[in-house]
Structures are given as structure tokens and as C-alpha cells.
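Accompanying notes for the structure given below.
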Amino acid sequence: MSVQQKLAGKFIVIEGLEGAGKSTAIQYIKNWLMEQGIVQEKIALTREPGGTVLAERMRDIVKMDVEDEQLADKAELLIMYAARVQLVEHKIKPALNAGDVVIGDRHNWSSLAYQGGGRGIDLQLINDIKQVALGNFKADFTLFLDIEPELGLARARGRGELDRIERLAIDFFNRSRAVFKQLVTNEKNAVSIDASLSFEQVESAIIQQLDAWLASL
Ligand code: Z5A
């Protein structure tokens, strides 16, 4: 089987705390795919929450500050899954079925990390909701960009104002990070990358991991 055939229909996800460098890493992954002979038109990029008209509206809701009305934790969780179902059904699955490679900026792990670890919602409940919403659908390969929350938030802050979630206490992000670390330990098709390193070092670590994953296909 050719490299292009091996990669066709694969869903690669990048996860990590804010400022870890996910948007930056997506460009590295895209470049790597093109070096493997995948044409740009066969590479689809998604972000979560968001990525369809309705899912982007849901993204606006979770980012919104409303005076006198807090978004309840379980409402936040359900919106994440509502947005995810829209994205998976309307964008990701059709693209994969057409043989495209999809690169996802966040996916299911973010809900386990933020709503589970961060907010404290029972992880089993989240897994149950995931099962109802998406069944066994999951990423083929996950790259977790691991960073100390302080450093990630400092990088995110460099970009401007922090949003509703970004303003939460460092403890929240430490709990989220702990769940990400647990998930990467338990998943065979996932790797952790030290995102505190320089741009060049992170890029070369990502490429090395992608090469190793490709060799395993
Ligand atoms: N959320 C949730 O709670 N539950 C869910 O299920 C899902 C999401 C799916 C989405 O935010 C929010 O939703 C997020 C989690 C929550 N919460 N918050 N807050 P978003 O999409 O707006 O933001 P993000 O996903 O956290 O991405 P980000 O903040 O844009 O970070 P990033 O993409 O990982 O980083 P970046 O833009 O590539 O880099 C940030 C800056 O650092 C930038 O200036 C870079 O040039 C710089 N950078 C990147 N790499 C390096 C290195 N290696 N060295 C130095 N500087 C670097």
C-alpha cells in the first residue's frame, strides 16, 4: 500500500492546554502531509468547539460572558458535545469517507480534560455522553502538546485578552493537564510532546512522531 493510501481517511488530532502551540503545530502536520504526497485539497482542518455554522454559534455561547447568568458546567459539557456531533456528522465523517486526511484542533479529550478534570464532572458520565453522541468514533492518532499552564497562558496572553475559560485559576488547568496526561498514557495511538521547547524542537518532535506512526500503519 502506498503512503498516500495509508494516510487516506485518517483523523489526526492535536490536544493540549491553551498556548501549547496547537495552531502552530497544525501547520507542521499539514506540511508533513504534503511532503508525503497528500495534496492540499485532500487535507481538511477542523477546530473544536466549532467548524460548522451551527457549531461556531455554539462556540460563541461557550466563550460568552453573560452578566447574572453563569453557564452551568453540565450545560457547557452538553454544548461541547452538541458542537462535536455537528462537526463529526457534517464535516469530519464526510471528509474521511472521501479519503481526505483531517487534522483536528482539539477533539473528545478536551471535554474529559476541561469539563472532567477542570470542572470536576464525573469522567464516566462524560464517557457515557460521548458514547451516546459519537459511538466508537475516535481519532486515529493524537498528539498531546504538554505544557505547564503558566507558560501556556503567558503565551496565550501575548495574543491579547483572555476569554471566559482562559481566566480560570491555574488549578483548573493543572487538573485538566493531569487528565490529558492520563489519557495519553492509556491510548496506544497517542503521544505526548514537550511543548515548552523551542519552535524548531517542537516541530522536529512532531515530525519524528508522525514518521513513527506512519511506519506503524
Ligand atoms: N474546550 C473545552 O472546555 N472543552 C472541549 O471539549 C473543547 C474545548 C473542545 C477553545 O479555545 C476553548 O474551549 C478552550 C478549551 C475549551 N478553552 N480555553 N480557554 P480556543 O480554540 O480559542 O483556544 P485553544 O484551543 O486553547 O488554542 P490557543 O489558545 O489558540 O492555543 P494554541 O493553538 O495551542 O497555541 P498557538 O496559537 O499555536 O500558540 C500560542 C502562542 O504561542 C502564539 O503566539 C505562538 O506563536 C506561540 N508559540 C507556539 N509555539 C511556541 C513555542 N514552541 N515556543 C514559543 N512560543 C510558541
*Please determine, in degrees from 0 to 90 and to the nearest 10, the orientation of helix 73-87 with respect to the longest principal axis defined by the Cα atoms of the chain, where the helix direction is its Cα long axis.*
30 degrees
*Taking the chain as a Gaussian network, where each spring joins two C-alpha atoms under 10 Å apart, which residue of Leu197, Leu151, Leu77 fluctuates the most?*
Leu197
_Segments 98-104, 34-40 sorted - mean Cβ within 10 Å per residue, highest first_ = 98-104, 34-40
*Taking all protein chains together and a probe of 1.4 Å, list His107, His90 from the most accessible to the least accessible.*
His90, His107
*Per residue, how big is the convex hull around the C-alpha atoms of the stretch 119-217? Give it to me in cubic angstrom, could you?*
125 Å³
_Distant-in-sequence amide H partners of Arg47 (H built 1.01 Å from N, under 5 Å)_ = Asp105
*Accessible area in square angstrom per residue, the stretch 70-156, 1.4 angstrom probe*: 40 Å²
*asked:* Tell me the net charge near Gly117. Cut-off is 10 Å between Cβ atoms, Gly117 excluded, with +1 for each Lys or Arg and -1 for each Asp or Glu.
replied: +4
*Where labels lie 7 Å past Cα in the beta-carbon direction, separation of Glu200 and Ala82 in nm*: 4.8 nm
_Starting from the 7 Å offset along Cα-to-Cβ, what nm value, one decimal, do you get for the label separation of Arg167 and Gln4?_
5.0 nm
_Where only alpha carbons of the chain are counted, the Rg and the Dmax (Å)_ = 16.8, 58
*What angle do you read, to the nearest 10 degrees and between 0 and 90, between the alpha-carbon axis of helix 170-186 and the longest principal axis of the chain?*
40 degrees
*Between 0 and 90°, nearest 10: helix 53-63 axis offset from the chain longest Cα axis*: 50 degrees
*What residue among Val53, Pro94, Ser111 has its Cα farthest toward the positive end of the dipole of the chain, where the charges are +1 on Lys, Arg and -1 on Asp, Glu, each on the Cβ?*
Pro94
*Solvent-accessible surface ranking, highest first, for Met64, Met58 at 1.4 angstrom*: Met64, Met58
*If you place +1 on the Cβ of every Lys and Arg, -1 on the Cβ of every Asp and Glu, and leave all else neutral, what size is the dipole of the stretch 3-216 about its Cα centre, to the nearest 20 Debye?*
540 debye
*If we restrict to alpha carbons, what Rg and Dmax does the stretch 57-156 come to, in Å?*
14.9, 47
*Cleavage-rule hits (GluC sites (Glu not before Pro)) in the stretch 123-217: DSSP loop, at most 15 neighbouring Cβ within 10 angstrom*: Glu161, Glu187
*When we measure straight from the Cα of Lys22, which lysines land under 19 angstrom away, once same-chain ones fewer than 8 places off are left out?*
Lys10, Lys30, Lys63, Lys138, Lys181
*Just name one of Ile147, Val3, Tyr81: the one whose Cα is farthest towards the positive end of the charge dipole of the stretch 3-216 (beta-carbon charges, Lys/Arg +1, Asp/Glu -1).*
Val3
*Say each of Gln40 and Asn186 gets a label point 7 Å from the Cα, pointing the same way as Cα to Cβ; how far apart are those two points in nm?*
4.0 nm
*Ignoring ligands, DNA and RNA, what percent of the accessible area of the chain is carbon or sulfur (1.4 Å)?*
52 percent
*Taking all protein chains together and a probe of 1.4 Å, list Asp65, Asp73, Asp163 from the most accessible to the least accessible.*
Asp65, Asp73, Asp163
*Full extension from Ala154 to Glu89: what is 0.36 nm times the residue separation minus their Cα-Cα distance, to one decimal in nm?*
19.9 nm
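The values are calculated or read from the model by the stated rules, or taken from the named source; none is laboratory data. Just so it is clear, the model here is predicted, and its values are computed rather than measured. In this analysis, Cβ positions are derived from the backbone assuming ideal geometry, glycine residues included, and neighbour counts consider all displayed protein chains. Heavy atoms of the whole protein, side chains included, go into the accessibility calculation; ligands, DNA and RNA do not. Shrake-Rupley method; radii C 1.70, N 1.55, O 1.52, S 1.80 Å.
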